[in-house]
Amino acid sequence: MSNLDVQPSWPSSSTDWPFSVVECPPSVSCSLIADCGYNLDKVKTVMQPVLKVRERCQVTSNYIQAIATGRTNFLVTNLVASAERVGEAWATAIASSWLVGRHSSCALPILHLSISRHHAVIGHHSGQFYLADVGSSNGTWINGQRLGAGDRYDLHDGDVIRFGSLLVEFFMASHMIVPPTRMPYAGEDTL
């Protein structure tokens, strides 16, 4: 059997599917599944923190859960992006930075009056998530300390962020998954 003959095994029911509790763009689930070598148990391991994030919230029920696998980075949140999503967990697109704000063009749109149209940026660089205020009217705060416009703060698991007057807990889950190695072509020199 060649590498091309291997078929991924898909879950038999929605309870087996780790994305069943999170509204997720297809590109996120497809990329994560590929990163995990089409191994559903690995996908479940990566998604486990998302499934348990509400249990970790200590200060507020609002959260942002950052997921990094080495190649795929995305955020999962329950913050209200639209009237249809109240209380639901949803994932952003795969990116290395996400604009947070009230405007619908933001990667993390949040309907809250104290949040500016373009409020802050959450980014990922060199294995580290960070937060920067982009000149918001009501400020961005980390663990009670206000960020200056343009100041960058390296985020830590359990940080409490305040966008204007909205409190949010930030959690991280990093799984350095090594993508499957490429099989050599027939007759290819492997030395």
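Values as computed for the structure displayed
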quantity: Qualifying residue in region 134-147 (condition: basic (K, R), closer than 18 Å to M172 by Cβ and either at pLDDT 95 or above or over 16 Å from the mean Cα position of the chain (by Cα) (or both)); calculated: no
quantity: Test: A186 is outside any loop (DSSP other than H, G, I, E, B) and at pLDDT below 95; calculated: no
quantity: Matching residues in region 36-47 - criterion: being at negative phi and touching a residue at least 12 places away in the same chain (Cβ under 8 Å); calculated: C36, L40, K42, V43, K44, T45, V46, M47
quantity: Answer residue from region 46-55, given it is assigned to a helix (DSSP H, G or I) and closer than 15 Å to V22 by Cβ and is most open to solvent (accessible area, probe 1.4 Å) among those; calculated: R54
quantity: Residue in region 53-62 that is among the small types (G, A, S) and touching a residue at least 24 places away in the same chain (Cβ under 8 Å) present; calculated: no
quantity: Any chance Q65 is within 25 Å of C30 (Cβ to Cβ) and within 14 Å of the chain's Cα centre (by Cα); calculated: yes
quantity: Failed item in (1) farther than 21 Å from P26 by Cβ; (2) in contact (Cβ under 8 Å) with a residue 60 or more places away in the chain; (3) of a type outside the set (K, R), with I94 passing the rest; calculated: (1)
quantity: Output for region 1-44, where each listed residue is part of a helix (DSSP H, G or I), among the hydroxyl-bearing types (S, T, Y) and either modelled with pLDDT of 85 or more or under 15 Å from N73 (Cα atoms) (or both); calculated: S27, S29, S31
quantity: Given (1) among the aromatic types (F, W, Y); (2) modelled with pLDDT of 90 or more; (3) surrounded by fewer than 19 Cβ atoms within 10 Å (Cβ to Cβ), number of the condition W90 does not satisfy; calculated: (2)
quantity: Where a residue in region 63-76 is at negative phi and open to solvent by less than 10 Å² (accessible area, probe 1.4 Å) and its partner, wherever it lies, is assigned to a loop (DSSP other than H, G, I, E, B) and β-branched (V, I, T), with Cβ under 9 Å and at least six apart; calculated: T69/I177; T72/I94; T72/I177; F74/T92; F74/I94; L75/T92; V76/V22; V76/T92
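The values are calculated or read from the model by the stated rules, or taken from the named source; none is laboratory data. As the structure is a prediction and not an experimental result, all values here were calculated from the model. Counting neighbours? That spans all protein chains shown, and the Cβs are built from the backbone with ideal geometry, glycine included. For accessibility, only protein heavy atoms count, side chains too; no ligands or nucleic acids. Shrake-Rupley method; radii C 1.70, N 1.55, O 1.52, S 1.80 Å.
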